[in-house]
1. Quick one: among 131, 242, 284, which has the greatest mean-square fluctuation in a GNM of the chain with alpha-carbon springs under 10 angstrom?
2. More than 27 Å apart: what percent of Cα pairs in the stretch 108-283 qualify?
3. What does the charge count around residue 7 come to, taking other residues whose C-beta lies under 13 Å from its C-beta (Lys +1, Arg +1, Asp -1, Glu -1)?
4. Is there a quick way to get the dipole size of the chain? I mean about its Cα centre, with the Cβ of Lys and Arg at +1 and of Asp and Glu at -1; what is the value in debye to the nearest 20?
5. Under the 0.36 nm per residue contour assumption, what length would be gained going from the current alpha-carbon distance of residue 181 and residue 28 to full extension?
6. Pop the C-beta distance of residue 45 and residue 295 into the FRET formula with R0 = 25 Å and round what comes out to the nearest 0.05.
7. Which value results for Rg/Rh of the stretch 61-129 when Rg is the Cα radius of gyration and Rh the Kirkwood radius based on the inverse mean 1/r?
8. Out of all DSSP beta bridges in the stretch 143-203, what portion is antiparallel? Express it as a percent rounded to 5.
Amino acid sequence: MPIPTSTIDFLGMEDFDGIFDHAVQALRAQGHDVGRYTDGSAYLASGRLNRADVIVDVDVLQIGAREMDAATRLRALISPVIGTEEFDHEAATARSILIANGQTVENYTSMAEAGIMLILASLYEFDRALTFITNPSARPGYPRARTLRGRTVGIIGLGKIGLAMVERLKGFECAVQAHVRTPRSLPDGVAAASLDDLLRTSDVVVVATELNDQTRGMLGADKLALMKPDAVFVNIARGAITNDLALANLATERPEMRLALDVFDPEPLSPGSPLRDLPNAILTPHMVGHTKDTFDRMPLILLENVERVLTGRVPQFVCNPAVIEAWSAKWRGASN
């Protein structure tokens, strides 16, 4: 089925060129009007918003009701990654605008495996062990490492990444509990917990929830202080869910605590951030779960998502499924 000529705009910093280029080139070869922007203000000033059929956006432009109302032709908002915090889901659903992302099995599996790696690296103090090669006199006389077996892991958010972590934790003989904002049936072996109870009782706390208006800032200083003095705190979600300064202060007061952070707010992490000076923290620059497997697949799914939208077909990975019926009725057999 031929794809009618459409306007598709790609918004993302230069380091997303490796993900965008395949789709950009393919769509241009099909005759589409394709824009590429690294600045949200420049994009809005371009006047392209009011004729965009599809917008692909990663951390460049917050698209809410006002932008959607101006984009009178907009069919879909697409993120090539899992996060879609740039988009107002409620406003999009109300306007029959579909939101899709790149939650491929490679993507969420990579993040889940990375989360397990950070848990183990923290419990076994892997980063400290590396330093003893060059400074053997600093090696402790009594080990500080702890097993994962027999401990309680609390996961905040049980989406694709959280569920994949649950599967991988089964072999470690540890207890698993989860906090989810929308009550639902949890996998066998996973206990439901309120946020406060999870923080108080978990030996390991993993943040794996999405960033939205409900989760932004949900783990402030008061909540973080509920954790055990020697808890391991892992964040593979988004930095704005918690508070970097509060984490740094808490980990300074509690030297037995361990942090493993792949995300910060803002990013990149400031050179002067007190997190950098902590001896009990593992810090990675929002890339710990990035794998070749994910990045090989991501551009293919991105192009497929756009092409499906342009021909009135529902993409594989829809984030606001309540819109599907109305969206399909509106765009089925779409043409310009």
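Read-outs throughout are calculated quantities, based only on the coordinates presented, and are distinct from any laboratory measurement. Since the structure is predicted, the reported quantities are computational estimates derived from the model, not experimental observations. Cβ coordinates were reconstructed from backbone atoms using ideal geometry, including for glycine residues, and neighbour counts include every protein chain displayed.
1. Looking only at 131, 242, 284, the biggest GNM fluctuation is shown by 131.
2. 22
3. +3
4. The calculated dipole for the chain is roughly 620 debye.
5. Contour length minus Cα-Cα distance gives 50.9 nm.
6. On the way: r = 31 Å, r/R0 = 1.25.
So the FRET efficiency works out to roughly 0.20.
7. Values: Rg = 18.1 Å, Rh = 14.5 Å.
For the stretch 61-129, the value is 1.25.
8. Values: 0 of 8 bridges.
Around 0 percent antiparallel, to the nearest 5.
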